[in-house]
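*Asks:* Right, I'll just put the structure down here and ask away after.
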Amino acid sequence: MKKKFLIYALIAAVAIHWQGVRAQPVLQHGQLQVKGTRLCNAAGNPVALHGVSFGWHNLWPRFYNSSAVHELVDGWKATVVRASMGIELNDKGYLKNAEASAKLVQTVVDACIAENVYVIVDWHDHNMHQQEAVAFFENMAKRYGSYPHVIWEIFNEPDYETWPEIKAYSIAVIEAIRRHDPDNIILVGSPKWDQSIHEPAADPITGFKNLMYTMHFYAATHKQWLRDRTDSAIQKGLPIFVSECAGMEATGNGPIDEKEWQAFKSWMDMRQLSWVAWSLSDKNETCSMLLPEASSSGNWKPARIKPWGKMVQVALAAYPQGAK
Ligand code: MG
């Protein structure tokens, strides 16, 4: 029994009574599940989540706090938040700084549980570190597996690994998670920065429930061909979750292609695909949603939000309150 969560849900229900109506998607939808190719809520009805990804934790630790989460949920109307734990890149990545890295991610997860919003724990790696991933996810599943809020993303954007290699890695990590968490959604990466979705479609992982596969797009680079390829994967029975996407080029820079972003968004909405926009960061690049002057703790004024951030705000606000 998910005793901890039931007690929490009761407290939250009382809190709603006091606060008035506020979107709390986890109270609305509960334990997610995959049915066929669809993400569904506890009642078995299809649901799509929409939200924002934090940037690499080892570059923007300043945003990994409960106030920033609150702003994304309460102000921006995100129904899912993604914590991107960088594995390599610098000395603050998980490989060289495991304890502090896990702690930052836990800060975001705890804040999402308090807000009753879904949260993706993203192993943000471009190379395979199976031993470390197994240990990390096993610990996290032990700690958070009873909370329906948590979604596990076990390998962000494999680059040159083959699908058989990614598949073997994924099975090892999934087994580690499932030792402690029988049911939360697990997102599996696809080759070539999550664009070769046709490869898992041809050879999916079997024997586990509630798996979805990640497709990532950057609208100015990836166009109709990636929508077509993803459609074909869905037709073959593959459940898809867009755990990272944005409107500019795949470098995260260059101009936003508004027309292609709208084309991707309409396409996702038609299929009720969940999407998460990249990213909450403040670098001098198009995909960073905030300016360096933006506070670390939310309450971001329009003058501190860059054009891409504003587009994401508009897109999120257009969905009905809460996940739909
Ligand atoms: Mg669970």
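*Asks:* Considering (1) free of Cβ contacts under 8 Å to residues at least 60 places away in the same chain; (2) out of contact with any Cys (no Cβ under 9 Å at 6 or more places or on another chain); (3) open to solvent by less than 10 Å² (accessible area, probe 1.4 Å), say which one residue 98 fails and leave the rest.
*Replies:* All conditions are met except number (3).
*Asks:* Would the stretch 265-280 turn up any residue that is hydrophobic (A, V, I, L, M, F, W, C), at pLDDT 95 or above and over 20 Å from residue 79 (Cα atoms)?
*Replies:* Just the residues of the stretch 265-280 that are hydrophobic (A, V, I, L, M, F, W, C), to begin with: 267-268, 270, 273, 275-278, 280.
Narrowing further to those that are at pLDDT 95 or above: 267-268, 270, 273, 275-278, 280.
Pick out the ones that are also over 20 Å from residue 79 (Cα atoms) and you get none.
So far as the stretch 265-280 goes, no, none of its residues is hydrophobic (A, V, I, L, M, F, W, C), at pLDDT 95 or above and over 20 Å from residue 79 (Cα atoms).
Rundown of residues vs (1) surrounded by 19 or more Cβ atoms within 10 Å (Cβ to Cβ); (2) within 12 Å of the ligand (Cβ to nearest atom), yes/no style:
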{"position": "139", "(1), (2)": "no, no"}
{"position": "151", "(1), (2)": "yes, yes"}
{"position": "181", "(1), (2)": "yes, yes"}
{"position": "184", "(1), (2)": "yes, yes"}
{"position": "189", "(1), (2)": "yes, no"}
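*Asks:* Could you list, ordered by first residue, the pairs with Cβ atoms under 6 Å in which the first is in the stretch 33-44 and in contact (Cβ under 8 Å) with a residue 60 or more places away in the chain and open to solvent by 60 Å² or more (accessible area, probe 1.4 Å) and the second is of a type in the set (Val, Ile, Thr) and assigned to a loop (DSSP other than H, G, I, E, B), at least 6 apart or interchain?
*Replies:* none
*Asks:* Still on this structure, please answer the following. Between residues in the stretch 235-256 that are touching a residue at least 24 places away in the same chain (Cβ under 8 Å) and over 22 Å from residue 187 (Cβ atoms) and residues that are open to solvent by 10 Å² or more (accessible area, probe 1.4 Å) and among the aliphatic types (A, V, I, L, M), which pairs lie under 8 Å by C-beta distance while being six or more apart or on different chains?
*Replies:* These pairs meet every condition: 248/220; 248/256; 249/220; 254/220; 255/220; 256/220; 256/311.
*Asks:* Return the only residue of 266, 232, 297, 243 being among the hydroxyl-bearing types (Ser, Thr, Tyr), closer than 17 Å to residue 214 by Cα and surrounded by fewer than 22 Cβ atoms within 10 Å (Cβ to Cβ).
*Replies:* Just a single option satisfies the conditions, and that option is 232.
The values are calculated or read from the model by the stated rules, or taken from the named source; none is laboratory data. Just so it is clear, the structure is predicted and the values come from calculations on it, not from any experiment. Every residue, glycine as well, gets a Cβ built from its backbone with ideal geometry; the counts of neighbours run over all protein chains shown. Ligands, DNA and RNA are excluded from the accessible area calculation, which covers all protein heavy atoms including side chains. Shrake-Rupley method; radii C 1.70, N 1.55, O 1.52, S 1.80 Å.
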